[in-house]
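> Questions regarding the structure given below will be posed in turn.
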Amino acid sequence: MARTIFFAGGDSYPADRPAEELFRSLLDGPDTTFVPHGDLFNSKTGTGGPGQIDVKAKVLEQAIRDCGPTQQIFLIGRSAGARTATIAAGKSRATAIACIFYPFRDLRRQLEPKRFAHLRTLTVPTLIVQGATDEYGGLDVTENYQLSDSIRLRFVDAHHRLKLAEPEGAFVPPLVMDFIAGGWRETGRDLEDFDEHFYRTAHPDVTEAIAAGRYTSGEDHFRRLGRKECRVYRLRYEGRV
């Protein structure tokens, strides 16, 4: 099936161009159209500079609408580009989204719901690859933000500025490739690497319920009840993904 892949870089673009070219080399093919950041956002559309997330999202929405009705549409966004992709996907027929280092918060730590509120109700299959020490939201994002169960969150031992050419960056492309190749169809993988110890420690009543035989594990409790109760949880990372 024919597919179109849109790449949306962050506010520092063209610093993301090496990552864009890497994904183009990995994903481009006879049945694939790869649309780079520069072809989407430029001075002609008034979206050439940083910021303007809502404007860029509308440009991306229109680009998706211009694609053939039978095509699969994949969005890859890095940093601010991930925000653009998730907003546009919520208002279009995108097949799936892959986000690299999502900016959940700004560096001043001011609460900005517009950055993350829509992730609670997002229904498009989404992968977020996040740095465990990302200053825009690290390993604690599951404690501070509500994410829909359509979002698969994976952690790498990295910070926000990681370049994919660095050793730690080598873990990112295979995750994105697997997801776009068909992993987006697989449900129930949003809690991979669930931190059982953290969850039971944070919620002693869950340990008691498991001992009483009402649940088989902390993950079982979270899937059946804890998510609805907005209980905090964490996912693990071990220097790999």
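The values are calculated or read from the model by the stated rules, or taken from the named source; none is laboratory data. Since the model is a prediction, treat every value here as computed from it, not as a measurement. With ideal geometry, Cβ positions are generated from the backbone for all residues, glycine too; neighbour counts draw on all protein chains shown.
> Which residues, taken from region 62-88, are closer than 14 Å to residue 116 by Cα and without any contact (Cβ under 8 Å) to a residue 40 or more places away in the chain?
Within region 62-88, 83, 87, 88 qualify.
> For residue 155, only one of the following conditions fails: (1) among the aromatic types (Phe, Trp, Tyr); (2) in contact with a helix residue (DSSP H, G or I) (Cβ under 6 Å, 6 or more places away or on another chain); (3) in contact (Cβ under 8 Å) with a residue 40 or more places away in the chain. What is its number?
Looking at each condition in turn, residue 155 falls short on (2).
> Quick one: residue 106 ticks every box in (1) in a loop (DSSP other than H, G, I, E, B); (2) in contact with a helix residue (DSSP H, G or I) (Cβ under 7 Å, 6 or more places away or on another chain); (3) not hydroxyl-bearing (Ser, Thr, Tyr) bar one, so which box is it?
(2)
Residue by residue, here is whether (1) without any contact (Cβ under 8 Å) to a residue 24 or more places away in the chain; (2) within 26 Å of the chain's Cα centre (by Cα); (3) not assigned by TED's automatic domain parsing to the domain that holds residue 97 holds:
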| residue | (1), (2), (3) |
| --- | --- |
| 183 | no, yes, no |
| 186 | yes, yes, no |
| 198 | no, yes, yes |
| 201 | yes, no, yes |
| 204 | yes, no, yes |
| 207 | yes, no, yes |
| 212 | yes, no, yes |
| 217 | yes, no, yes |
| 220 | yes, yes, yes |
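> Need at least 2 residues that are more than 20 Å from the chain's Cα centre (by Cα) and over 18 Å from residue 177 (Cβ atoms) per element, so show me which helices (runs of 4 or more DSSP H) inside region 15-94 make the cut, counting only ones lying wholly within it.
Hits in region 15-94: 37-40, 53-65.
> Please find, among 153, 111, the residue that is assigned by TED's automatic domain parsing to the domain that holds residue 15 and modelled with pLDDT under 90.
Only one candidate passes the filter, namely 111.
For (1) buried (at least 21 other Cβ atoms within 10 Å of the Cβ); (2) closer than 20 Å to residue 36 by Cβ, each residue gets a yes or a no:
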{"residue": "63", "(1), (2)": "no, yes"}
{"residue": "70", "(1), (2)": "no, no"}
{"residue": "77", "(1), (2)": "yes, yes"}
{"residue": "82", "(1), (2)": "yes, yes"}
{"residue": "100", "(1), (2)": "yes, yes"}
{"residue": "134", "(1), (2)": "yes, no"}
{"residue": "144", "(1), (2)": "no, no"}
{"residue": "161", "(1), (2)": "no, no"}
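> Scan region 19-35 and tell me whether some residue there is within 20 Å of residue 118 (Cβ to Cβ) and not charged (D, E, K, R).
No, there is no match, as no residue in region 19-35 is within 20 Å of residue 118 (Cβ to Cβ) and not charged (D, E, K, R).
> Shifting gears a bit: Every residue in region 115-137 that is under 13 Å from the mean Cα position of the chain (by Cα) and free of Cβ contacts under 8 Å to residues at least 40 places away in the same chain, please.
Across region 115-137, the qualifying residues are 115, 116, 118, 119, 120, 122, 123, 124, 130, 131, 137.
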